[in-house]
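In what follows, a single structure is set out as structure tokens and then discussed.
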Amino acid sequence: MTSSSSPSRKALSKIACNRLQKELSEWQVNPPTGFKHKVTDNLQKWIIEVTGAPGTLYANETYKLQVDFPEHYPMESPQATFLISFFGIYIFVIFVPPAPLHPHIYSNGHICLDILYDSWSPAMTVSSVCISILSMLSSSPEKQRPADNDRYVKNCKNGRSPKETRWWFHDDKA
Amino acid sequence: MEKGESTSTSYSDTNGSNEPDHDFECNICFELAQDPIVTLCGHLFCWPCLYRWLHHHSHSQECPVCKALVQDDKLVPLYGRGKNQTDPRTKRYPGMRIPNRPAGQRPETASPPPQQPQNDAASNFFNYGIGLMGGFMPMATTRIGNFSFGVGGLLPSLFNFQFHGFPDAALYGTAPGYPFGGYHNGFRGVPGGNNEPTAPGGGHPSDAALKNILIVVGICVFFFLLL
């Protein structure tokens, strides 16, 4: 169960490693507003704290974002999920807040955001992904789960990665 | 545990952001571009990175930065000075065959720059010749227009014709004090031809030769009109 939940089985390629180091050092010099990243030994898995932007529904709420990088990053998109308190899946984190209530965020933490899947481009960075996620949070008109949340989460029960889902994006404004 | 204790700095010592410019970094691997190639939209990549993205990972042929359409035959390689070309297949993505970088498209050799009109008599002659052609042709067509208009009576129209043709030719050819450059300039605007600076009016050394040529041309035109 844990193995299928962790998409980072394969070690990063050399190119991925070099690029992530560059991104990391740029992040340290100039982190995106509203995000905090604690540097760890694991370059392949970033845990990023995001604070809702002031003046939005999520102001002052803090969530944790886990970003996993595939072997062939940046040719393949990173996998960003909000951490939620399923013991046994993400065993290394203290799960304080649940995933934010948002029409594009499932209760298992999966995010429906096209740049994480089909619209990914290797010119994007962790930083730009984070900003997109914050922008998605900020533009939300109401706090609620996606309409198909229960069905989706049930299908993902065995810990499958959101990348295995065939996404279809209902909202172009996001 | 919660707040920013940088538990490990094993990556922070590779501080790539010390270097001030990222202008020549590949937009995919973020390193100095190898086998650099530029899209028509102006974005720089390593050729192996771009090839791999476009042909093995992307669903569409678009620029990773701006999503403009990217075509292999419209890519522009950058040939700097310095190291010889390396074969990309040996270097960056082992196990994946990446063809050679597209070659640059080389337009024809540039034609020699146009000479300044004041340089010598020959080029002056050339320029004036062009100017005169441009100046005369519209005139000829207007005359022909007259002619066809007056076709009803052949003789009067012919006279009319000569009458018009003569003074013009004389004016061009023989009027001694006519400021040449001024006339020339005035007419140059009409054909919309080349716009090099022209000689200032009067006092030019090759005026005499030009006048002779103008007379000859004038006579030619006259005979042409007679026919």
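The set of residues in the stretch B:55-77 that are open to solvent by 50 Å² or more (accessible area, probe 1.4 Å), in contact (Cβ under 8 Å) with a residue 12 or more places away in the chain and over 30 Å from the mean Cα position of the chain (by Cα) contains only B:HIS56.
Checking each residue in the stretch A:52-75 for being more than 13 Å from chain B (Cβ to nearest Cβ), assigned to a loop (DSSP other than H, G, I, E, B), open to solvent by 20 Å² or more (accessible area, probe 1.4 Å) and of a type outside the set (D, E, K, R) picks out A:ALA53, A:PRO54, A:GLY55, A:THR56, A:LEU57, A:ASN60.
All conditions in (1) open to solvent by 10 Å² or more (accessible area, probe 1.4 Å); (2) within 22 Å of A:VAL39 (Cα to Cα) hold for A:TYR117, with the sole exception of (2).
Under 6 Å between Cβ atoms, at least 6 apart or on separate chains: pull out the pairs that start in the stretch A:115-136 with a residue that is over 25 Å from B:HIS56 (Cα atoms) and assigned to a helix (DSSP H, G or I) and end on any residue that is open to solvent by 30 Å² or more (accessible area, probe 1.4 Å) and of a type in the set (A, V, I, L, M). Pairs found: A:MET136/A:ALA174. Taking the condition modelled with pLDDT under 85, under 22 Å from B:HIS57 (Cβ atoms) and acidic (Asp, Glu), does A:ASP118 pass? Yes: the conditions hold for A:ASP118. Consider the stretch B:12-54 and keep the residues that are of a type in the set (Phe, Trp, Tyr), within 20 Å of A:TRP120 (Cα to Cα) and under 31 Å from the mean Cα position of the chain (by Cα). The one that is modelled with the lowest pLDDT is B:TRP47. Each residue in the stretch B:49-62 was checked for being hydrophobic (A, V, I, L, M, F, W, C) and within 8 Å of chain A (Cβ to nearest Cβ), and 2 of them qualify.
Only one of the numbered conditions (1) touching a Lys or Arg at 6+ places or on another chain (Cβ under 8 Å); (2) at pLDDT 90 or above; (3) away from chain B (no Cβ under 14 Å) is violated by A:TYR106, and that is (2).
If you go through the stretch A:19-42 and pick out every residue that is within 11 Å of chain B (Cβ to nearest Cβ), surrounded by fewer than 19 Cβ atoms within 10 Å (Cβ to Cβ) and part of a loop (DSSP other than H, G, I, E, B), you end up with 6. Note on the stretch A:31-46: residues that are closer than 23 Å to A:ALA59 by Cβ and out of contact with any Cys (no Cβ under 6 Å at 6 or more places or on another chain) total 6.
The values are calculated or read from the model by the stated rules, or taken from the named source; none is laboratory data. Because the structure is a prediction, the values reported are computed rather than measured. Every residue, glycine among them, receives a Cβ derived from its backbone with ideal geometry; neighbour counts consider all protein chains shown. What goes into the accessible areas is simple: the full protein's heavy atoms, side chains included, and nothing from ligands, DNA or RNA. Shrake-Rupley method; radii C 1.70, N 1.55, O 1.52, S 1.80 Å.
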